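Each reported figure results from applying straightforward, stated rules to the coordinates on display, with no laboratory input. Please read all numbers here as calculations on a predicted model, not as lab measurements. Cβ placement follows ideal geometry from the backbone for every residue including glycine, while neighbour counts extend to all protein chains displayed.
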Amino acid sequence: MQGAQRFDRIASVGMFEHVGHKNYRAYFDMARRCLRDDGLFLLHTIGKNRAGSGIDPWVEKYIFPNGALPSASEIAFYSEDDFVMEDWHNLGEDYDKTLMAWHERFEAAWPALKDRYGERFLQRVFTHAEQAKAARRPFTRAGTLAKRFAAKEAFSKAVGTGFKAGVYMKDIGVINAPSGAPTLALTGGAAARLAAITPAGHTAFVHLTLTDDHPWAQAFVVIEARAL
């Protein structure tokens, strides 16, 4: 359809993630050709915070294969020749209800799944020290692991890579300092990435805060560069 039919309204829901960056311009051009002069176009899509073609490898493999998530700046750039953006909504807070429903169903199904998937997931994601700590806390084991998973994700975002560019989950380990405060032990690609972004003549200090309030687990990572 090359604009032979024109419509008052067009809604694109859950499709833009499959368009791909190289096709964004053609996508918006087509939408404009199919609209009447006073028509309205609604674009609904999952997005990401930063521009670029990369997608988190874990999300690519397990959640959204072959997906290409746009950023706000990319949507604005590729649509500006065809459309005037009049409204923008972040629906993340509403989507939280869907995620919590998934969580509840996962928890209900986990007894039937854990023997098949549990050990493999633990070995892929958590260090031996993290698994041992969780095992010592049988009544809060899930929360202990969830906080450590959140810490890994927070660090990967703080260094600007996500779980890619050689930064793997198991390279980011949560340990306790002599004071008892949580901190990170970095190896492999995680340690290399931190060294690469640390300015010359400085030492990097990683500050980690963990908290949980069932069913939530949160982690905050701040990287400080101190002059030698």
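At a glance:
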quantity: Within region 1-103, chymotrypsin sites (Phe, Trp or Tyr not before Pro) in DSSP loop having at most 15 other beta-carbon neighbours inside 10 Å; calculated: Trp88
quantity: Angle in degrees between helix 188-197 and the longest Cα principal axis of the chain, rounded to the nearest 10; calculated: 70 degrees
quantity: Dipole in debye (nearest 20) - the chain, about Cα centre, beta carbon charges: Lys, Arg +1; Asp, Glu -1; calculated: 1140 debye
quantity: Crossing angle, helix 92-125 versus the chain [Cα axis fit, 0-90 degrees, rounded to tens]; calculated: 50 degrees
quantity: Structure-derived percent of Cα pairs over 24 Å apart: which label, when the choices are (i) 39; (ii) 43; (iii) 58; calculated: (iii)
quantity: The chain: relative contact order as a whole-number percent, Cα under 8 Å and 6+ apart; calculated: 13 percent
quantity: Cut-off of 10 Å, at most 11 other beta carbons, DSSP loop: longest stretch of the chain lacking such GluC sites (Glu not before Pro); calculated: 87-228
quantity: Over the chain: helical MRE at 222 nm, DSSP H runs n ≥ 4 each giving -39500 (n - 2.57), nearest 500; calculated: -13000 deg cm²/dmol
quantity: Cα-based helix-to-principal-axis angle, 141-158 vs the chain, degrees rounded to 10; calculated: 60 degrees
quantity: Antiparallel %, DSSP beta bridges [both residues in the chain], to 5; calculated: 70 percent
